[in-house]
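Have a look at the structure below, then the notes.
The values are calculated or read from the model by the stated rules, or taken from the named source; none is laboratory data. Fair warning: this is a prediction, and the values are worked out from it, not measured in the lab. When we count neighbours, we look across all protein chains shown, and the Cβ atoms used for this are built from the backbone with ideal geometry, even at glycine. When the accessible area is computed, the model is the full protein with side chains, heavy atoms only, and any ligands, DNA or RNA have been set aside. Shrake-Rupley method; radii C 1.70, N 1.55, O 1.52, S 1.80 Å.
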Amino acid sequence: MNAVSRSIERLDVTFDDETLVANAGLIAPATLMVRLGLEQLVNAMVRLTGRVGGSGPGRKVCSLVATILAGGTHIDHADMLRAGATQRVLPFRVMAPSTLGSFLRAFTFGHVRQLDKVIAETLRRAWRAGAGPGDEPVTIDLDSTICEVHGKHKQGAAYGYTRVLGYHPIVATRADTGEILHARLRKGSANTQRGVTRFVEELIARVRRAGATGPLAVRADSGFWSAKLIDTLNRLRVDWSITVIINSSIRACIDALGEEAWTAIDYPDGGAAAVAETTYISHGRDRRSRPLRLVVRRTRLTDPNQAQLWPDWRYHAFVTNLDLPTIEVDQFHRDHATIELAIRDVKEGAGLAHCPSGKFFANAAWLACAVLAHNLIRWTAHLGDMQPDDQLTGAHDTNEVPHASRPRREPQRTTHASTPGTLAMGRHVPQRARTPARHPTTRLNAFPHPTTRARRGTAKPENGRRHNQQCSATRTAQPRSAHTPTPPTTETALQHAIAEPKSVDRG
C-alpha cells in the first residue's frame, strides 16, 4: 500500500444547482395518487385509533409508497423525499422515518386487512379510469417467493424448503400488465399451499368487483396443485392450468402414451420437444374420482456432445380445464413464467428488496405499500400513454421512475406552473412514447376525482379548530340546502405544490 492510497480523503458530493429538483419524476405517479384519492381512502379505511403512531394514516402510507417509488428499500430512505425541493412535487406532507416506523409497528392483522381493502379499492378505481380489462379475458398468475432476511430478531422469519431465512409471501399478478392483484405475507416456514384456497377466493372476488366481467383463468406451478384448489376454482367458475408433480401415478399415465400421441413443437437449436395429452384420474382426500385433462411436454438435447449428459426425455406435465388445442394450451401454460418479471420488479431495488421491520405485521403493511407502488407504475404508464405497444408494462423497473428535473428558475404564484421535464421512466420507453400528444400529468388530471364516503370512527383532521371554523364560515355564507364546495382540482394542487415552497417538518 503506497502513501497515496492511505491519504485518500472522503469525497463530499453536494447538490448545489438551484434549478434542479431531485426525484421530480414522482410528479406523474403522485398525480395519479391524487386522482385515485389514495390519501383520503386510507384515512377512511385504515383505523388505527388509540395506537401509538396511528394518527393520519393517509399521508404516512403515501410517504411510504413514494419512498418505494423513489427506490427506497428501508424506512430511513424516506429522508430522500424530505431533502431539497422534492417535497414541492408531492401533494402530501412527507413524514419522518421515525414516525413511519412507529406507524408500521402499530399494525395488527386486522389493520393489514384494512390496507388490503385499500388496494382493492384503488384497483377498482384505476380499472374504472381505463386500466381495466372490461369484457376481455383475464389471466391471473399465482406464485410464491422467498424474501430473504438476516438476523434473529425478525418476527415470523424462518427457514423453508429453500433453506433460506426469510418470509414466504404469496402473490397473484395480472399476466398482460404485471399488476399485482393480491399479495399476502406468510412466515418463512409456511408451506406453499398454506392459505391458498382463501387467498384465491378473495382474489376472484376482488377482480370481479374491480370490473373484470370477462372469463378468468388462473395459472400456477406444482406447489399449488391440490384437489381442494381445483374444486374451489370450479366452484368460482374460473378456468385453471396447474403444474403437477411427476409422481408414480402421473408417470404411469405418461408411460401409457404411445409414440403416435406425441406432436413435435418448436424448440431452440440443439434440442427437441413434443407434447401429448391424456386423462388423469385424481383422488383427493375425500376419495372422490376427478377425471382431469393432463398435458405433457417432453424435451431432450440432440447435440451429440450434450446428449451424453442428457440422453433421456425429461417431462413437464400440467392439468387444465381449458378447451384449447394441445399445442396452444401448452404455450399458454408456459407463459406463466411472466410472473417472475413482476416479482423481480417488486424485489430488486424496490419495496421487497428488504423487509425493514422486526415486527411481522409491520412487514406485512410494508408489502402492501410495495404493491401500491408497483401498481402505480403500471397504471401511470398505461393511463399516461407512456407504454409502447410492443412492450409489457411489467418491463419497467419500479426504482427507475424518479429523476432529477429542471423546472423554471424562479417559480411564481401563477395558475400555469411549469411541470418538470423528461421523466426517468422515459429511459425505458421508445421516443414515440416519450412525446405523447399531451403530457402524462395532463392525461392523469383528466380523470374524475373519486369521492370517499367518511365512515364512523374516521379520525378528524389534524387541525380540528381550523376545520370547524371553515365549516362554520361555509354554513354562514351559504344556505342550508347548498352543496359542499368541491375541493380544488389535482392540477391546481400540484401547480401550487410546485410553485409554492413549503416548510418541511424535520421532526
Considering only residues that are surrounded by fewer than 23 Cβ atoms within 10 Å (Cβ to Cβ) and within 19 Å of ARG113 (Cα to Cα), which ones fall in region 346-361?
SER357, LYS359, PHE360, PHE361
SER241 passes all but one of (1) of a type in the set (Ser, Thr, Tyr); (2) more than 27 Å from SER144 (Cβ to Cβ); (3) at pLDDT 95 or above; which number fails?
(2)
Return the total of residues in region 327-345 being open to solvent by 10 Å² or more (accessible area, probe 1.4 Å) and in contact with a helix residue (DSSP H, G or I) (Cβ under 6 Å, 6 or more places away or on another chain).
1
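To keep it simple, each residue is scored yes or no on (1) within 28 Å of ARG184 (Cβ to Cβ); (2) in contact (Cβ under 8 Å) with a residue 40 or more places away in the chain.
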site	(1), (2)
HIS77	yes, no
ALA85	no, yes
ALA106	yes, yes
GLY110	yes, no
GLN114	yes, yes
VAL118	yes, yes
TRP127	yes, yes
From the list THR320, THR302, pick out the single residue that is among the polar types (S, T, N, Q), surrounded by 11 or more Cβ atoms within 10 Å (Cβ to Cβ) and farther than 18 Å from VAL244 by Cα.
THR302
Considering only region 120-128, I want to know if a residue exists there that is within 26 Å of ASP231 (Cα to Cα) and modelled with pLDDT of 95 or more.
yes
Which members of region 143-166 meet the condition of being open to solvent by 40 Å² or more (accessible area, probe 1.4 Å), farther than 23 Å from VAL200 by Cα, assigned to a loop (DSSP other than H, G, I, E, B) and not small (Gly, Ala, Ser)?
HIS150, LYS152, HIS153, GLN155, THR162, ARG163, VAL164
Could you check region 310-350 and list, in sequence order, the residues that are farther than 23 Å from GLY223 by Cβ and touching a His at 6+ places or on another chain (Cβ under 9 Å)?
ALA350
